[in-house]
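Working notes, beginning with the structure itself.
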Amino acid sequence: MRIPLSKPHIPQKVFENMNHVLTSGKLSGDGVFCHSAEEKFRNILNAKHVLLTSSCTHALEMSMLLLDAKENDEVILPSFTFTSTANAVLVAGLKPIFCEIDPNTMNMDMEDVAKKITKKTKAIIPVHYSGVACDMEKLKNICSNQNIMIVEDAAHGIGAKWKGKNLGTIGDIGTLSFHDTKNVVCGEGGAFLTNNDYLADKAQIIREKGTNRAQFLRGQVDKYTWVDKGSSYILAEPLAAILSAEIDIMDQLNQKRGIIHQYYIEKLAELEKKEILILPKIPKYCESNYHLFYILLKNQDERNSLMTSLREKGIGATFHYIPLHSSPAGEKLGYKKEQLPITEEYSNRLLRLPLYPDLTKQEYENVVEEILNWSRSFC
Ligand SMILES: *Cc1c(COP(=O)(O)O)cnc(C)c1O
């Protein structure tokens, strides 16, 4: 593709950091760069505990393993999300309960969440789609006094806010992703966030192969040993070195995304007026990080027509999540396509446009031009 959907930005400082780490001789995790990146995140995000992980998928797995679930315990999550959100639930032996989305934001529909809560509900995983926060106030009200954990999948949400609070720090636990496609990148990586000391201690053990090595390093115990279940979820130091440099320019990167987002909104407004497409809306309680830009076409045929037309011109416009409930794994769990009609409909109507910090003005102007050309020939 001449203009891809997304592309990571690598600042010069990364090369310097990499050199440092490669000559230091320490490549395993929890080294100097890991700790400096965690400290930066604690300050920027105002989170008490930040544990860097090998991916957001793994941070989600840690969260689910923390629940100490019994058989048939349930976790509510949207069907319109990445497979990792659901896999984490399955890996920990819990049952995913898929809920509908609200097409105004593509985030979970809280009315539907409320209907799906049972005595077996252990946790709810709101996914902040495109860097726009879920309605956390409604969710908190739904969960109050029910002993249900809120685990935010904030893979899209680094640097975005809900009522002034950073996404990933509003629920009991939050998870971030630094995969190449996200706003802040290190190749593959993630973070586990919590303000709860008890959960942080348990998470350390799971992250460190079931050992109390973290306590040992802090001098709280004099030997470290196997204390509970766990796995290997620590981010390697060379990746933390990349991440540490990326964090410093996060605001600039998000601002650049915001400029392109605003351009798309302004230039495509005429097509929204003609009811050819619907533009994304950011609720008042949100500050977006402009992770991705999507439009909603009238139906799947028109979406595919525009997608094909843009791709022929070398523009990497793409659909997004295929609903999980109607995927082969979802069907194995007993779900039927018809159960979540809004998710089915809107995932078929959604088209993402190129958005990344290094996208040039000429390039994003060209994207808009080609959409306008398509609309004239099509409508
Ligand atoms: C990218 C993404 C993940 C997984 O992130 P990794 O760091 O690649 O494991 C999970 N959930 C959502 C919503 C994502 O977009």
### Over the stretch 319-379 - Rg/Rh using Cα atoms and the Kirkwood inverse-distance radius
1.19
## Note on the structure
Dimensionless Rg/Rh of the stretch 64-115, both radii on Cα and Rh by Kirkwood, sits at 1.01
### Equivalent ellipsoid dimensions for the stretch 120-216 as semi-axes, Å, which come from the Cα gyration tensor, largest first
22, 20, 10
#### Entry: DSSP-assigned coil residues among chymotrypsin sites (Phe, Trp or Tyr not before Pro) in the stretch 52-160, each with at most 13 further Cβ atoms within 10 Å
none
### Antiparallel DSSP beta bridges within the stretch 127-218, percent to nearest 5
60 percent
### Query
R0 = 30 Å: FRET efficiency of K336 with A269, Cβ-based, nearest 0.05?
0.20
### Query
How high is the relative contact order of the stretch 285-379, in percent, with contacts defined as C-alpha pairs under 8 Å that are six or more residues apart?
40 percent
### Task
Could you give me the percent of Cα pairs per 10 Å distance bin for the stretch 254-375, shortest bin first, beginning at zero and ending with the bin that holds the maximum distance?
12, 40, 32, 14, 2
### Task
For the stretch 1-136, divide the Cα radius of gyration by the Kirkwood radius and give the resulting Rg/Rh value with two decimals.
1.06
### Message
Just to be sure I understand: of the beta bridges DSSP finds with both ends in the stretch 2-122, what percent are antiparallel, rounded to 5?
### Response
25 percent
### Query
Which of the peptides 54-60, 315-321, 370-376 is most tightly packed, and how do the rest follow, going by the mean number of other Cβ atoms within 10 Å of each residue?
54-60, 315-321, 370-376
## Note on the structure
Taking every C-alpha to C-alpha distance in the stretch 198-289 and binning by 10 Å from 0, the per-bin percentages run 13, 23, 19, 18, 16, 8, 2, 0
### Summary
Treating every alpha carbon of the chain as one equal point scatterer without solvent, the Debye formula yields log10 I(q)/I(0) values at q = 0.08 Å⁻¹ of -0.42
### Task
Give the peptides 331-340, 27-36, 117-126 in descending order of average Cβ contacts within 10 Å, highest first.
117-126, 27-36, 331-340
### Task
Express in nm, to one decimal, how much length is gained between N104 and E16 on full extension, taking 0.36 nm for each residue of separation and deducting their alpha carbon distance.
27.3 nm
### Message
Ranking request for peptides 248-256, 342-350: highest mean number of other beta-carbon atoms within 10 Å first, then the rest in descending order.
### Response
342-350, 248-256
### Message
Suppose each label sits 7 Å from its Cα in the direction of the beta carbon; what would the K120-K284 distance come out to in nanometres?
### Response
4.1 nm
### Summary
Distance in Å, no decimals, from the C-alpha centre of the stretch 290-311 to the one of the stretch 189-224 is 44 Å
### Query
Looking at the stretch 144-243, how many pairs of lysines come closer than 20 Å at the Cα, when each pair is eight or more places apart or spans two chains?
6
### Query
Rounded to the nearest 5, what is the percent of antiparallel bridges among the DSSP beta bridges in the chain?
60 percent
### Query
What pairs in K120/K336; K7/K298; K115/K332; K95/K336 have C-alpha atoms more than 18 Å from each other?
K120/K336; K7/K298; K115/K332
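Every read-out reported here was derived from the displayed coordinates using simple, explicitly stated rules and does not represent laboratory data. Bear in mind the structure is a predicted one, so any value in this text is a computation, not a measurement. So basically every Cβ, Gly included, is an ideal-geometry build from the backbone, and we count neighbours across all protein chains shown.
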